[in-house]
Amino acid sequence: MIQRETSASTPIGRPQGPIRTCIGCRGRELAVDLLRVTAESDGNGEYVLTVDSAGNLPGRGAWLHPDQQCLDTAIRRRAFTRALRITGPPDTSAVVQHYAVEFEGGTERSTRQQNR
Ligand SMILES: [Zn+2]
């Protein structure tokens, strides 16, 4: 008699892909699970950050968990400046706004669910 015991730990239907490092917590994650952020020059030597939701903006990208804490950490450490090879602290308001809209409802709510 054969019993199946494979349902617990086998990830099915989970796409594999390139691994990126979150610039907030420095954790490694599949790129599809991270947000890509790019910097656009405003022409005055300043940079404005944009969330690349479609994943097709040109230029260097910084990768970030969809987690408010990672965003806060990245801003505090000036990780964007380093990751995007830009000068000076960029305008992060668009990214902050994106997080506020996308993940409204507080910090307790997580999109990640773990069923064991
Ligand atoms: Zn992170």
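Being more than 13 Å from the ligand (Cβ to nearest atom), under 16 Å from CYS22 (Cβ atoms) and of a type in the set (Ser, Thr, Tyr) is a property that does not hold for THR73. For region 58-93, a residue qualifies if it is in contact with a strand residue (DSSP E or B) (Cβ under 6 Å, 6 or more places away or on another chain), more than 12 Å from LEU35 (Cβ to Cβ) and of a type in the set (A, V, I, L, M), and the qualifying residues are ALA83, LEU84, ILE86.
For every residue, the table says whether it meets (1) away from the ligand (no atom under 13 Å from the Cβ); (2) of a type in the set (Asp, Glu); (3) over 20 Å from ALA100 (Cβ atoms); (4) surrounded by fewer than 20 Cβ atoms within 10 Å (Cβ to Cβ).
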position	(1), (2), (3), (4)
CYS25	no, no, no, yes
LEU30	no, no, yes, yes
VAL48	yes, no, no, yes
VAL51	yes, no, no, yes
ASN56	yes, no, yes, yes
ALA62	no, no, no, no
GLN69	no, no, no, yes
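Residues in region 71-93 that are exposed (fewer than 12 other Cβ atoms within 10 Å of the Cβ), farther than 24 Å from PHE103 by Cα and charged (D, E, K, R): ARG85 only. Residues in region 81-99 that are among the small types (Gly, Ala, Ser), farther than 18 Å from ASP67 by Cβ and under 16 Å from the mean Cα position of the chain (by Cα): SER93 only.
Every number here is computed from the coordinates shown, using simple stated rules; none is lab data. Quick caveat: nothing in here was measured; it's all calculated off a predicted structure. Note: ideal-geometry Cβ built from the backbone for every residue, glycine included; neighbour counts use all protein chains shown.
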